[in-house]
Amino acid sequence: MPEIPIDFSCKTTCAFVPGRSHLKTQTPCQDYVAARESNEVTCISLANGAGSRASSAIGAQVAVTATLAFVCKNFESLWQNMDKHNAKATQRLVNRCLDAFRRKSAKLGGEINDLACNLSFVAYSRGRYLAGHLGDGVIASVDADGQLQALSHPENGELANSPLLLTDHKAASRLRLYRGPIEATTGFAIISDGSAESLYDKVSGVPAPEIEKLLELNATLPRKKMREVLGDNLQQSIASKTEDDCSLGLLSILKP
């Protein structure tokens with residue numbers, strides 16, 4: 001592997017909005033996306049709660065919070081052990097989320113299945129990225145030549161149109177991990193299935209050009225302004241085209 005640069009920095013912006021179906025029924029948005037920076041790691045994570053589960057909106061927040069904390073704390077061990085212990089790495093992450101589900105469900109007086117959701121994340125540290133994906137939605141990346149591609153495509157469960165969820169007994173074996181040097185990458189986007197209806201071509205498997213434009217804006221605009229731009233974009237251009245909730249997380253690499 002080539003020598004790893006250590007002087008890149010990055011910017012994140014996240015946004016989520018309820019879909020038309022939830023606005024009509026006045027139910028909570030079941031998407032959640034957030035970012036965290038600690039231990040020289042910057043991470044974005046997104047979860048989409050299962051529509052049929054009673055507390056999946058809460059579960060999405062719990063899973064994202066647990067993932068951000070775990071990945072920021074354990075980036076180095078996850079990176080170093082992926083080749084030989086990939087199964088162990090995925091099991092550790094799933095277990096962390098399930099432990100958080102158990103604590104939350106005990107407080108709510110329900111079951112952990114009530115909190116079921118999928119999960120995706122991208123983390124950056126010292127010129128390297130680490131990403132993970134379980135279920136539908138998309139992880140997109142843009143290389144130094146502006147080439148947009150799907151780093152990770154949507155994946156359903158064993159039955160057609162059945163979601164892959166963190167509470168599934170095979171979740172750890174279905175969670176896909178990716179890693180690599182940042183040298184040829186300018187940014188990443190994590191996209192929920194609702195947003196993917198506008199931002200991902202299911203036939204070609206290629207994300208929409210809007211992703212590249214949003215990552216470029218994220219790299220240059222002030223943080224407050226970019227949050228407004230992303231929120232407006234989700235609300236007006238993306239959520240209006242689907243009944244589903246919509247969320248999007250951006251991580252732009254700022255090269256010296």
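The values are calculated or read from the model by the stated rules, or taken from the named source; none is laboratory data. These figures come from a predicted structure and were not determined experimentally. Every residue, glycine as well, gets a Cβ built from its backbone with ideal geometry; the counts of neighbours run over all protein chains shown. Accessible surface areas use protein heavy atoms only, side chains included; no ligands, DNA or RNA. Shrake-Rupley method; radii C 1.70, N 1.55, O 1.52, S 1.80 Å.
Listed values, structure above:
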| quantity | calculated |
| --- | --- |
| Verdict on ALA116 being in contact (Cβ under 8 Å) with a residue 60 or more places away in the chain, under 16 Å from VAL64 (Cα atoms), among the aliphatic types (A, V, I, L, M) and crowded, with 17+ Cβ neighbours inside 10 Å | yes |
| Considering residues of the stretch 178-208 that are of a type in the set (A, V, I, L, M, F, W, C) and part of a strand (DSSP E or B) only, the residue most open to solvent (accessible area, probe 1.4 Å) | VAL206 |
| GLU210 vs. criteria without any contact (Cβ under 8 Å) to a residue 40 or more places away in the chain and closer than 19 Å to ALA150 by Cβ | yes |
| Qualifying residues in the stretch 33-67 (those that are assigned to a helix (DSSP H, G or I), of a type in the set (A, V, I, L, M, F, W, C) and open to solvent by 10 Å² or more (accessible area, probe 1.4 Å)) - the one nearest to ASP193 (Cα to Cα) | ALA57 |
| Residue among LYS73, LYS107, LYS88 that is open to solvent by 80 Å² or more (accessible area, probe 1.4 Å) and closer than 18 Å to VAL41 by Cβ | LYS73 |
| Odd one out for SER9 among (1) over 18 Å from ASP244 (Cβ atoms); (2) modelled with pLDDT of 95 or more | (2) |
| Only one of ARG102, ARG126 that is over 15 Å from ILE190 (Cβ atoms), surrounded by fewer than 24 Cβ atoms within 10 Å (Cβ to Cβ) and in contact (Cβ under 8 Å) with a residue 60 or more places away in the chain | ARG126 |
